[in-house]
């Protein structure tokens with residue numbers, strides 16, 4: 001993956017509070033339970049390692065059916081943010097709500113220093129037309145507004161769907177296209193649509209497991225990729241069960257070499273998602289990440 005230009009003549013990258021030059025995100029499914037329950041577990045057990053929660057909105061209808069209790073972690077639910085149909089751009093009073101909650105005689109659960117991003121569904125109804133799929137996306141943006149997601153990850157729509165039109169819809173909903181990251185997936189390594197990605201203003205999310213599983217190595221040479229990658233999805237592929245994400249401990253030597261080069265080229269401050277869906281696999285992956293991350297990031 002081409003290095004971002006911020007790496008030029010750079011001796012030390014700015015580090016997050018967790019000891020890396022990038023943000024670490026955990027998926028919102030490490031234990032059976034709701035998004036809210038998993039966020040609470042992450043806050044209580046991984047606060048020393050994790051900066052962000054990846055909201056795994058992977059199935060459209062079940063995610064649209066989330067109740068407030070199932071979705072919002074306690075520190076946001078207790079802030080008594082009113083129900084609203086406002087889009088993310090209208091969410092300017094969050095700090096005020098949280099501040100008021102903190103001044104109550106019985107203070108709310110202390111808010112951990114966690115941010116969020118959302119992975120949009122894999123089963124969006126593109127076959128029913130782009131407007132139908134967009135309405136589902138828009139409703140999920142509204143539902144997630146109390147969590148104020150920093151980014152949205154989207155699997156590329158099928159051929160024939162205009163990325164420029166889609167970018168305009170995101171912008172109208174208060175989400176800058178640059179906050180929307182298109183991910184390399186089976187059958188689409190972003191190469192064929194790359195000129196349109198650049199033209200539409202979308203960002204990119206690079207999935208290590210998908211590169212290894214589907215031999216998508218040529219995509220790493222796409223022009224301008226380094227400047228567009230705001231997120232890495234890290235997991236080891238399971239060749240026998242392609243949909244399964246294994247911990248980074250299962251990477252072979254070539255996979256580890258590729259991971260190290262991707263970390264070296266990553267934009268400082270970008271997000272690294274350890275995209276495994278069990279707590280033990282997450283901890284294993286964190287150890288591998290510490291081993292392979294740029295040395296200046298883990299030495300102090």
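Per this entry, residue 121 is counted among residues that are part of a loop (DSSP other than H, G, I, E, B) and buried (at least 21 other Cβ atoms within 10 Å of the Cβ). What are the pairs, 6+ residues apart or on separate chains, where a residue within segment 194-209 that is under 12 Å from residue 227 (Cβ atoms) has its Cβ under 8 Å from a residue that is surrounded by fewer than 18 Cβ atoms within 10 Å (Cβ to Cβ) and modelled with pLDDT under 95? Here the result reads none, with nothing in segment 194-209 linked to a residue that is surrounded by fewer than 18 Cβ atoms within 10 Å (Cβ to Cβ) and modelled with pLDDT under 95.
In segment 1-79, which helices (runs of 4 or more DSSP H) lie fully inside it and hold 2 or more residues that are out of contact with any helix residue (DSSP H, G or I) (no Cβ under 9 Å at 6 or more places or on another chain) and at pLDDT 95 or above? It would help to see each step written out before you state the result.
Working: elements: 35-45, 60-64, 68-71, 74-77.
The qualifying helices (runs of 4 or more DSSP H) are 35-45.
Cβ-Cβ contacts under 6 Å between residues 6 or more apart (or on different chains), taken from a first residue in segment 271-298 that is closer than 24 Å to residue 152 by Cα to a second residue that is modelled with pLDDT of 95 or more and part of a helix (DSSP H, G or I), are listed as 274/282; 274/285; 276/282; 276/285; 285/248. Exactly one residue out of 83, 176, 92 is at pLDDT 95 or above, surrounded by fewer than 19 Cβ atoms within 10 Å (Cβ to Cβ) and more than 22 Å from residue 42 (Cα to Cα): that is 176.
The values are calculated or read from the model by the stated rules, or taken from the named source; none is laboratory data. Everything numeric in this text was worked out from a predicted model, so none of it was measured. Please note: Cβ atoms are built from the backbone with ideal geometry, for glycine as well, and neighbour counts cover all protein chains shown.
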